[in-house]
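The values are calculated or read from the model by the stated rules, or taken from the named source; none is laboratory data. All values derive from a computational prediction rather than experimental measurement. In this analysis, Cβ positions are derived from the backbone assuming ideal geometry, glycine residues included, and neighbour counts consider all displayed protein chains. All accessible areas refer to the heavy atoms of the entire protein, side chains included, with ligands and DNA or RNA removed. Shrake-Rupley method; radii C 1.70, N 1.55, O 1.52, S 1.80 Å.
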Amino acid sequence: DFCLSRGLGDVYKRQKKKAPVWMDYKGEDMRQLTELSGRKVLIVFYAPWSRPATDYVQAVKSYAAAQDGKAFAVLIDADAYPDVARKYGLEAVPLTVLYLEGMKLKEMVGGVSAPRLNELIEQTIRVQ
């Protein structure tokens, strides 16, 4: 039921027919991305020049891969998409915005390890 004409096909090819767990943002409809049914969606803003942010992107990919299809990460280069970054009020990278069923649950500034990210997300979802 998730349908994007561009970008997602490349993700499928890279990840060998498994459902994709992350994608590099290329201008897709953000509303469509945040409303993935039954999956936690992480919108992650980063900057390629920021070592902490690029390290965190790797942690996000690890987290998403370990979720057995229950999480999906959208990785957004804040420098390449300043309008999207402005819409989210980006002041520092990395910034993670967590959605569940299209509802924004939490914003987190700064990077953490994959296990810590899992803890923070699970705590947030339990409170909802």
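I'd like the chymotrypsin sites (Phe, Trp or Tyr not before Pro) in the stretch 29-128 restricted to DSSP loop residues with at most 11 other Cβ atoms within 10 Å, sorted by number.
Counting only loop positions with at most 11 other Cβ atoms within 10 Å, the chymotrypsin sites (Phe, Trp or Tyr not before Pro) in the stretch 29-128 are W49.
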- Message: Just to confirm the filter: which trypsin sites (Lys or Arg not before Pro) across the stretch 55-95 are DSSP coil and have at most 15 other Cβ within 10 angstrom of their Cβ?
- Response: K70
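Helix-derived [θ] at 222 nm for the chain: sum -39500 (n - 2.57) over DSSP H runs of at least 4, divide by residue count, nearest 500?
On the way: 5 runs with 47 residues, N = 128.
One gets -10500 deg cm²/dmol as the mean residue ellipticity at 222 nm.
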- If you compute Cα Rg over 2.2 N^0.38 Å for the structure shown, which of (i) 0.97; (ii) 1.26; (iii) 1.02 do you land on? (i)
- In whole Å, largest first, what are the principal axis extents of the Cα atoms in the stretch 63-128? 31, 22, 20
- Message: Suppose all protein chains stay in the model; what accessible area per residue would a 1.4 Å probe give for the chain, in Å²?
- Response: 57 Å²
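What is the chain's relative contact order, in percent, from Cα pairs under 8 angstrom and six or more apart in sequence?
Computed value for the chain: 28 percent relative contact order.
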- Query: How about K104: which aspartates and glutamates have a C-alpha closer than 17 Å to its C-alpha, ignoring those fewer than 8 places off in the same chain?
  - Reply: D29, E35, E122
- Of the heavy-atom accessible surface of the stretch 85-128 (probe 1.4 angstrom), what whole percent is carbon and sulfur? 51 percent
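What does the charge count around I125 come to, taking other residues whose C-beta lies under 14 Å from its C-beta (Lys +1, Arg +1, Asp -1, Glu -1)? List each step's numbers first, then the result.
Details: positive: R39, K40, K70, K104, K106, R126; negative: E101, E119, E122.
Summing Lys and Arg as +1 and Asp and Glu as -1 gives +3.
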- Query: Tell me, what HN-Hα J-couplings in whole Hz come from the Karplus equation 6.51 cos²θ - 1.76 cosθ + 1.60 at θ = phi - 60° for each residue of the stretch 88-102, using x for Gly and Pro?
  - Reply: 8, x, 4, 10, 8, 10, x, 10, 10, 10, 9, 10, 9, 6, x
